[in-house]
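Peer 1: Quick one: this structure, given as structure tokens, is what I'll be asking you about.
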């Protein structure tokens, strides 16, 4: 679990509520079930209109990935390819068929399977790249759903506020209740803006970021598989992968090699 997203959202909510309390606002006065219904139902309905039910269901399974650490890291991929390249050069490509892959990556497992099956390099590259692009497009759509919800939520808040003000203006004879009634009416706008800028839009950005990281790791895997297929020596395989890794992490790449020599 990567707690940063959850902690950041909680921190934002706590900061806003703490500021409200410091200013003398009662938390009970910020509760408005009807405003919550307008924001939730209106945003969900408007967003669902823009997408298919299949995409909305996929979002439920994709969203948890935002809260998790990547299934593998660049350092792990680097180390795994060094080991596989050494094994393939010593015993041949077929030995990789039964070699346990230490990296949790469906793309890598598929690439090794195609490699062992003798798929031509051009076709192998096309297949793996297409899988990366397909997954990237899927994440882009899921990110777009959250971004769409983030766009509708503030508008639904304004609608809720207008409805509340209509009720208030229709009952002007009770002047003592005008202040509290207007305050409740504006809670819909508060809910809409808050949900968009604390929840929907940040999660959309995080999903796009996760998609970018996964695509970069995927390109590393493709490069590694093609390099092994070309018969490059283990050192050359890893040198090619290094060009796809942030230079600040190069020091970490020596650790797996050091451990292997012990």
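Read the figures in this text as sums done on the coordinates, not as results from a lab. Remember, predicted model here, so these are calculated numbers, not experimental data. No Cβ is skipped: glycine too gets one built from the backbone with ideal geometry, and neighbour counts run over all protein chains shown.
Peer 1: So what does the Cα-only Debye profile of segment 163-212 read at q = 0.16 Å⁻¹, as log10 I(q)/I(0), no solvent term?
Peer 2: So the normalised log intensities work out to -0.57.
Peer 1: I'd like the orientation of helix 74-91 relative to the chain: the angle between its Cα long axis and the longest Cα principal axis, in ° from 0 to 90, rounded to 10.
Peer 2: Taking the Cα atoms of the chain, the angle to 74-91 is about 20 degrees.
Peer 1: Stretch residue 87-residue 216 to full length: gain in nm at 0.36 nm per residue minus the Cα-Cα span?
Peer 2: On the way: separation 129, 0.36 × 129 = 46.44 nm, distance 2.50 nm.
Stretched out fully, the residue 87 to residue 216 stretch lengthens by 43.9 nm.
Peer 1: Given a Förster distance of 51 Å, report the FRET efficiency between residue 95 and residue 4 from their Cβ-Cβ distance, rounded to the nearest 0.05.
Peer 2: The formula returns an efficiency of 0.80 here.
Peer 1: At a Förster distance of 25 Å, what's the computed FRET efficiency of residue 181 paired with residue 158, Cβ-Cβ distance as r, to 0.05?
Peer 2: 0.90
Peer 1: Now for a different question. So if each residue of separation counts as 0.36 nm, and I subtract the Cα-Cα distance between residue 46 and residue 242, what length gain in nm does that give?
Peer 2: 66.0 nm
Peer 1: Then there's this: Modelled label-to-label distance, residue 61 and residue 133, 7 Å Cα→beta-carbon offset: nm?
Peer 2: 2.3
Peer 1: Over all directions, what mean area does the Cα convex hull of segment 194-258 project, stated in square nanometres?
Peer 2: 5.7
Peer 1: Return the Rg/Rh value of segment 96-162, two decimal places, where both radii are evaluated on C-alpha atoms and Rh is the Kirkwood radius.
Peer 2: When Rh is taken as the Kirkwood radius, the ratio is 1.37.
Peer 1: Something else now. Could you pull the Rg and Dmax for segment 71-211, using just the Cα atoms, both in Å?
Peer 2: Cα radius of gyration and Dmax of segment 71-211 are 27.5, 91 Å respectively.
Peer 1: Which angle from 0 to 90°, rounded to the nearest 10, does the C-alpha axis of helix 121-169 make with the longest principal axis of the chain?
Peer 2: Roughly 10 degrees between the two axes.
Peer 1: By how many nm would the segment from residue 102 to residue 205 grow when fully extended, if each residue of separation counts as 0.36 nm and the alpha-carbon distance is taken off?
Peer 2: Details: separation 103, 0.36 × 103 = 37.08 nm, distance 3.00 nm.
Roughly 34.1 nm would be gained on extension.
Peer 1: Please determine, in degrees from 0 to 90 and to the nearest 10, the orientation of helix 178-194 with respect to the longest principal axis defined by the Cα atoms of the chain, where the helix direction is its Cα long axis.
Peer 2: On a 0 to 90 degree scale, this one is about 10.
Peer 1: Here's something else I'd like to know. As a check on your grasp of the helix formula, calculate [θ] at 222 nm for the chain: sum -39500 (n - 2.57) over DSSP H runs of n ≥ 4, divide by the residue count, round to the nearest 500.
Peer 2: -25000 deg cm²/dmol
Peer 1: Which residue, 105, 248, 18, has the most motion in a Gaussian network model of the chain that connects Cα atoms within less than 10 Å?
Peer 2: 248
Peer 1: In the Gaussian network model of the chain, springs joining C-alpha atoms below 10 Å, which of 19, 123, 48 carries the largest mean-square fluctuation?
Peer 2: Looking only at 19, 123, 48, the largest GNM fluctuation is found for 19.
Peer 1: If you don't mind, another one. Which whole number in µm²/s is D for the chain by Stokes-Einstein, with the Kirkwood Rh taken over Cα pairs at 25 °C and 0.890 mPa s?
Peer 2: On the way: Rh = 22.1 Å.
Rounded, D is 111 µm²/s.
Peer 1: Please work out the ratio of the alpha-carbon Rg of segment 136-240 to 2.2 N^0.38 Å and round it to two decimals.
Peer 2: 1.99
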